[in-house]
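*Asks:* Okay, handing you the structure first.
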(Lines give C-alpha, C1' and ligand atoms only; values in the text may rest on other atoms or scores of the structure.)
Protein backbone atom coordinates (compact mmCIF):
# COMPACT_ATOMS: atom_id res chain seq x y z
CA UNK A 1 0.00 0.00 0.00
CA UNK A 2 1.43 3.36 -1.03
CA UNK A 3 -0.05 6.62 0.12
CA UNK A 4 0.55 9.64 -2.08
CA UNK A 5 0.22 13.25 -0.98
CA UNK A 6 -2.19 13.75 -3.88
CA UNK A 7 -4.57 11.27 -2.18
CA UNK A 8 -4.69 13.26 1.07
CA UNK A 9 -7.69 15.37 1.99
CA UNK A 10 -6.12 18.82 2.11
CA UNK A 11 -5.89 20.97 4.03
CA UNK A 12 -5.30 18.77 7.06
CA UNK A 13 -6.13 19.82 10.59
CA UNK A 14 -4.44 19.89 13.98
CA UNK A 15 -6.11 19.40 17.32
CA UNK A 16 -4.60 20.06 20.74
CA UNK A 17 -5.16 16.90 22.81
CA UNK A 18 -3.47 17.91 26.05
CA UNK A 19 -2.87 21.43 27.30
CA UNK A 20 0.29 20.33 29.11
CA UNK A 21 1.94 16.93 28.69
CA UNK A 22 4.49 17.68 31.39
CA UNK A 23 7.49 17.31 29.07
CA UNK A 24 8.81 18.83 25.87
CA UNK A 25 8.51 15.94 23.44
CA UNK A 26 11.62 15.39 21.36
CA UNK A 27 10.49 12.03 19.94
CA UNK A 28 6.90 10.86 19.49
CA UNK A 29 5.79 7.34 18.59
CA UNK A 30 2.26 6.01 18.13
CA UNK A 31 1.87 2.43 19.41
CA UNK A 32 -0.28 -0.24 17.79
CA UNK A 33 -2.81 0.39 20.59
CA UNK A 34 -3.17 4.02 19.55
CA UNK A 35 -1.39 5.35 22.63
CA UNK A 36 1.48 7.77 22.12
CA UNK A 37 4.96 7.58 23.68
CA UNK A 38 6.55 11.01 24.16
CA UNK A 39 10.27 11.15 24.93
CA UNK A 40 12.34 14.08 26.16
CA UNK A 41 16.00 14.37 27.08
CA UNK A 42 17.04 13.78 30.70
CA UNK A 43 19.88 16.27 31.18
CA UNK A 44 18.14 19.66 31.26
CA UNK A 45 16.53 19.63 34.69
CA UNK A 46 13.11 18.77 36.05
CA UNK A 47 10.08 18.27 33.87
CA UNK A 48 6.57 19.32 34.88
CA UNK A 49 5.35 15.80 35.67
CA UNK A 50 6.46 13.71 38.64
CA UNK A 51 7.38 10.06 38.74
CA UNK A 52 5.50 7.90 41.27
CA UNK A 53 7.02 7.96 44.78
CA UNK A 54 10.17 5.86 45.09
CA UNK A 55 10.97 6.00 41.36
CA UNK A 56 13.53 8.80 41.25
CA UNK A 57 16.41 8.69 38.78
CA UNK A 58 19.85 8.91 40.42
CA UNK A 59 22.78 9.77 38.16
CA UNK A 60 25.89 11.25 39.81
CA UNK A 61 27.21 12.28 36.38
CA UNK A 62 24.12 14.25 35.31
CA UNK A 63 25.06 17.91 34.84
CA UNK A 64 21.59 19.26 35.70
CA UNK A 65 20.12 17.01 38.41
CA UNK A 66 21.83 14.08 40.10
CA UNK A 67 18.59 13.13 41.91
CA UNK A 68 15.61 13.61 39.60
CA UNK A 69 12.06 12.64 40.58
CA UNK A 70 10.44 14.01 37.43
CA UNK A 71 9.47 12.03 34.33
CA UNK A 72 11.20 12.61 31.00
CA UNK A 73 8.83 10.39 29.09
CA UNK A 74 5.06 10.01 29.17
CA UNK A 75 2.38 7.85 27.63
CA UNK A 76 -0.57 9.76 26.20
CA UNK A 77 -3.93 8.09 25.61
CA UNK A 78 -5.65 10.24 22.95
CA UNK A 79 -9.01 8.56 23.62
CA UNK A 80 -9.09 9.92 27.19
CA UNK A 81 -6.37 12.61 27.03
CA UNK A 82 -4.83 10.77 29.99
CA UNK A 83 -1.11 11.15 30.60
CA UNK A 84 0.98 8.62 32.51
CA UNK A 85 4.64 9.25 33.44
CA UNK A 86 7.22 6.76 32.21
CA UNK A 87 10.65 6.35 33.79
CA UNK A 88 13.58 6.81 31.43
CA UNK A 89 17.02 6.10 32.90
CA UNK A 90 19.35 7.43 30.18
CA UNK A 91 19.42 10.48 27.94
CA UNK A 92 17.53 10.07 24.66
CA UNK A 93 18.98 13.20 23.00
CA UNK A 94 20.25 12.31 19.48
CA UNK A 95 18.69 8.84 19.70
CA UNK A 96 16.59 6.87 17.26
CA UNK A 97 13.75 4.41 17.53
CA UNK A 98 11.68 1.88 15.66
CA UNK A 99 8.99 -0.68 16.39
CA UNK A 100 9.73 -4.40 16.46
CA UNK A 101 7.25 -6.82 14.85
CA UNK A 102 5.63 -7.54 18.24
CA UNK A 103 4.88 -3.82 18.79
CA UNK A 104 7.75 -3.17 21.22
CA UNK A 105 9.35 0.25 20.81
CA UNK A 106 13.12 -0.16 20.49
CA UNK A 107 14.85 3.12 21.26
CA UNK A 108 18.62 3.27 20.69
CA UNK A 109 21.50 5.59 21.44
CA UNK A 110 21.48 9.05 22.87
CA UNK A 111 23.83 11.58 24.39
CA UNK A 112 25.99 11.44 27.51
CA UNK A 113 24.81 8.44 29.59
CA UNK A 114 22.47 7.42 26.75
CA UNK A 115 25.32 6.72 24.34
CA UNK A 116 25.45 3.06 23.27
CA UNK A 117 22.24 2.28 25.17
CA UNK A 118 19.14 0.34 24.16
CA UNK A 119 15.71 1.06 25.66
CA UNK A 120 12.65 -1.14 25.13
CA UNK A 121 9.04 -0.24 25.80
CA UNK A 122 6.36 -2.92 25.36
CA UNK A 123 3.01 -1.11 25.24
CA UNK A 124 -0.10 -2.61 26.76
CA UNK A 125 -3.74 -1.93 25.90
CA UNK A 126 -4.88 1.51 27.12
CA UNK A 127 -7.15 0.06 29.81
CA UNK A 128 -4.28 -1.79 31.56
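*Asks:* Condition first: in contact with a strand residue (DSSP E or B) (Cβ under 8 Å, 6 or more places away or on another chain), in a loop (DSSP other than H, G, I, E, B) and farther than 14 Å from residue 39 by Cβ. Now tell me which residues in the stretch 77-104 satisfy that.
*Replies:* Matches in the stretch 77-104: 78, 100, 104.
*Asks:* Select from the stretch 117-128 the residues that are touching a strand residue (DSSP E or B) at 6+ places or on another chain (Cβ under 9 Å) and either within 18 Å of residue 24 (Cβ to Cβ) or at pLDDT 90 or above (or both) and list them in ascending order.
*Replies:* 117, 118, 119, 120, 121, 122, 123
*Asks:* List pairs: first residue in the stretch 16-32 and free of Cβ contacts under 8 Å to residues at least 24 places away in the same chain, second residue loosely packed, with under 11 Cβ neighbours inside 10 Å anywhere in the structure, Cβ distance under 9 angstrom, at least six positions apart or on different chains.
*Replies:* Partner pairs satisfying both residue conditions: none exist.
*Asks:* I need the full set of residues from the stretch 56-86 which are modelled with pLDDT under 95 and surrounded by fewer than 17 Cβ atoms within 10 Å (Cβ to Cβ), in order please.
*Replies:* 58, 60, 61, 63, 64, 66, 78, 79, 80, 81, 82 - these are the residues of the stretch 56-86 that are modelled with pLDDT under 95 and surrounded by fewer than 17 Cβ atoms within 10 Å (Cβ to Cβ).
*Asks:* Here is a further query. With respect to the numbered conditions (1) farther than 19 Å from residue 121 by Cα; (2) surrounded by fewer than 19 Cβ atoms within 10 Å (Cβ to Cβ); (3) within 14 Å of the chain's Cα centre (by Cα), which one is the sole condition not fulfilled by residue 29?
*Replies:* It is condition (1) that residue 29 fails.
*Asks:* Report, by residue number, each residue of the stretch 105-119 that is surrounded by 15 or more Cβ atoms within 10 Å (Cβ to Cβ) and assigned to a loop (DSSP other than H, G, I, E, B). Steps first, please.
*Replies:* Start the filter on the stretch 105-119 by keeping residues that are surrounded by 15 or more Cβ atoms within 10 Å (Cβ to Cβ), which leaves 105, 107-114, 117, 119.
109, 110, 111, 117 - these are the residues of the stretch 105-119 that are surrounded by 15 or more Cβ atoms within 10 Å (Cβ to Cβ) and assigned to a loop (DSSP other than H, G, I, E, B).
*Asks:* Just to be sure before I move on: is residue 34 buried (at least 17 other Cβ atoms within 10 Å of the Cβ), at positive phi, part of a loop (DSSP other than H, G, I, E, B) and modelled with pLDDT of 90 or more in the structure I sent?
*Replies:* On the way: buried (at least 17 other Cβ atoms within 10 Å of the Cβ): no; at positive phi: yes; part of a loop (DSSP other than H, G, I, E, B): yes; modelled with pLDDT of 90 or more: yes.
Answer is no for this residue.
The values are calculated or read from the model by the stated rules, or taken from the named source; none is laboratory data. All values reported here derive from a predicted model rather than from experimental measurement. Because the Cβ atoms are built from the backbone with ideal geometry, glycine has one as well, and the counts that use them run over all protein chains shown.
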